[in-house]
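In what follows, a single structure is set out as structure tokens and then discussed.
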């Protein structure tokens with residue numbers, strides 16, 4: 001287990017949420033990899049699209065695996081100029097996790113959650129590395145990251 005995965009597990013235990021950390025032997029870096037690895041639909045896997053606004057605020061748009069995040073919709077919902085996508089170095093700096101393993105919680109950010117995600121009971125999100133996932137109830141996800149539900153998808 002990597003230090004990143006351990007950090008996610010410790011966060012889950014400290015917040016006492018009901019979530020399952022899953023470590024895999026094969027990569028789950030992409031949605032298609034995750035779907036293949038755990039045998040679920042792409043809508044059960046969420047992507048965390050990391051963005052930065054003009055003031056340096058870090059924003060994470062959470063969308064279903066088959067959807068694409070819209071920077072213009074996120075900007076409009078937050079009443080800011082359109083944010084830009086974060087690069088891999090910025091993702092690690094702001095989240096503490098490498099791209100491809102970022103969880104939907106556990107670090108300081110403005111979280112926005114697409115409405116379609118809230119139609120699910122349970123989702124799989126990054127588990128700290130490209131070889132791990134977290135299975136979490138959407139209601140717990142909303143509670144711990146204090147996300148704002150908007151239309152974040154294109």
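No solvent, one uniform scatterer per C-alpha: report log10 I(q)/I(0) for the stretch 3-150 via the Debye equation at q = 0.09 1/Å, two decimals. Once normalised to I(0) and log-transformed, intensities are -0.24. With helices as the sole contributors, the chain gives -8000 deg cm²/dmol at 222 nm; each DSSP H run of n ≥ 4 counts as -39500 (n - 2.57), and the sum is divided by every residue.
Ranked from largest, the principal axis spans of the Cα set of the stretch 33-114 equal 40, 25, 19 Å. The share of alpha-carbon pairs in the stretch 49-97 lying farther apart than 18 Å comes to 27%. Normalised by the number of residues in the chain, the average gap of Cα pairs under 8 Å and 6 or more apart makes the relative contact order 30 percent. The modelled label-to-label distance for the pair residue 25/residue 89, using points 7 Å beyond Cα in the direction of Cβ, is 3.7 nm. Packing, taken as the mean count of other beta carbons within 10 Å per residue, orders the peptides 80-93, 104-117 from highest to lowest as 104-117, 80-93.
Readers should treat all values here as calculations from the given coordinates under stated rules, not as data from a laboratory. Quantities reported herein were computed from a predicted structural model and do not represent experimental measurements. Backbone-built Cβ (ideal geometry, glycine too); neighbour counts: all protein chains shown.
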